[in-house]
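Quick one: the structure is below, and I'll ask about it shortly.
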Amino acid sequence: MEGRKVAIIGDGAVGSTCAYTLMLGHAVNEIVIVDVNKDKAEGDALDMSDGMSFVSVPKNVHSGDYPDIKGSHIIVITAGAGQKPGETRLDLLKKNAGIMTGICDEIKPYLEKDTIVLVVSNPVDILTYLVYKRLGLPSKQVIGSGTVLDTSRLKVAISEDTKIDPRSIHTFVVGEHGDSEVAVWSATYVGGLSLIDYCAKCGKCEGKNMTRLRDLHKRVRESAYRIIEKKGATFYAVALAVQRIVGAILNDENSVLTVSAYLEKEFGGMLEDVYLSLPCVVNGRGIEQILRPNYSQEEKSAIIGSGQALKDKMKEIGL
């Protein structure tokens, strides 16, 4: 378990839930929580520590300041202004860019050559790009949580529609973690059958397959807005997505996850110098490689459009 220290920057609803979820899991042996509200961070750490006799693998959970993050294999950044009802993730951009710049300056002195930074704050793709540029780490070590959660939401939506276990459904949501995200139907499989084959055998949609699929994706795309409208924030499923990514890194899993990655030249150079979610092999070194499914032409165009939308927003803050 040596070297399995994770620092969480930001102890709001997402940060505290990430800490709690990681505490319940097996991948981490030390968690340090850093927040401008030191009392809140200390209180959460004490609260979690009180239950350590109930978890399968006890951990050292404590609060601290930026110097205490030294030695962390992964730094998870969740700090930032929350998304308000009716506000898109991109509306948060200018507000959170300043916050993220300050955090980068604080953590930079304590980075080590193999430190991996996982950005969860929204809008995650643009803020991950900002962190990459600000810290100067190799791009494979600066990762955004991306569409890992969106992919899970799509699996669950398909599961509810087909009555098939979501763990037996394989699909990807790629592109922006936001309104221009793309469901990759061409790489969707239900119980080992391609989606086309499954739909042909099912017959449930009666020739209206794409209409039904678009409805499912719309539900996925609007999921965060519905939750925010009802309870003010999303944090449980986000924390589970973070736990999945952290586990893939610390356990050196070579798992394929749709994290937000730096694109140098994708789709024949149509997408470059931008962070965007695509299927990536994630292991102890960060992002090992980007995988390239046989996207349909429509999917390719939508992904390129998603990346361009992000680049347009980046220009607004000089990135």
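The values are calculated or read from the model by the stated rules, or taken from the named source; none is laboratory data. On a predicted model such as this, the values are computed, not experimentally measured, just so you know. Cβ: placed from backbone, ideal geometry, glycine included. Neighbour counts: every protein chain shown.
For the stretch 281-296, give me each residue that is modelled with pLDDT of 95 or more and either among the basic types (Lys, Arg) or part of a helix (DSSP H, G or I) (or both).
Arg285
Return yes when Ile169 is touching a helix residue (DSSP H, G or I) at 6+ places or on another chain (Cβ under 8 Å) and outside the structural domain of Asn283 (by TED's automatic domain parsing) and no when it is not.
Criteria not met by Ile169.
Related question: When you check Ile99 against the structure, is it assigned by TED's automatic domain parsing to the domain that holds Ile227 and assigned to a helix (DSSP H, G or I), yes or no?
No.
Let me ask something additional. Among Val6, Val34, which is at pLDDT 95 or above, within 23 Å of Gly144 (Cβ to Cβ) and within 17 Å of the chain's Cα centre (by Cα)?
Only one candidate passes the filter, namely Val6.
Of the numbered conditions (1) in a helix (DSSP H, G or I); (2) under 17 Å from the mean Cα position of the chain (by Cα); (3) outside the structural domain of Gly305 (by TED's automatic domain parsing), Lys108 satisfies every one except a single condition; which is it?
(2)
Of all the strands (runs of 3 or more DSSP E) wholly in the stretch 224-280, which have at least 2 residues that are within 13 Å of the chain's Cα centre (by Cα) and closer than 15 Å to His177 by Cβ?
Answer list for the stretch 224-280: 260-263, 274-277.
Pick from Thr115, Thr101, Thr78: which is closer than 26 Å to Gln308 by Cβ and among the polar types (S, T, N, Q)?
Thr101
To continue, here is another question. Does the stretch 281-297 hold any residues that are within 16 Å of Ala183 (Cα to Cα) and in contact with a Ser or Thr (Cβ under 9 Å, 6 or more places away or on another chain), and which are they?
Selection gives Pro293, Asn294, Tyr295, Ser296.
Kindly indicate whether Leu310 is in contact with a Ser or Thr (Cβ under 9 Å, 6 or more places away or on another chain), of a type in the set (A, V, I, L, M), buried (at least 17 other Cβ atoms within 10 Å of the Cβ) and under 22 Å from Val117 (Cβ atoms).
yes
Also, quick follow-up: Consider Ile303 against the criteria (1) over 19 Å from Asp91 (Cα atoms); (2) among the aliphatic types (A, V, I, L, M); (3) assigned to a strand (DSSP E or B); (4) touching a residue at least 60 places away in the same chain (Cβ under 8 Å): it satisfies all of them except one. Which criterion is unmet?
Ile303 satisfies every listed condition except (3).
Still on this structure, please answer the following. When you go through (1) loosely packed, with under 13 Cβ neighbours inside 10 Å; (2) within 14 Å of Gly15 (Cα to Cα) one by one for Ala241, which number turns out not to apply?
(1)
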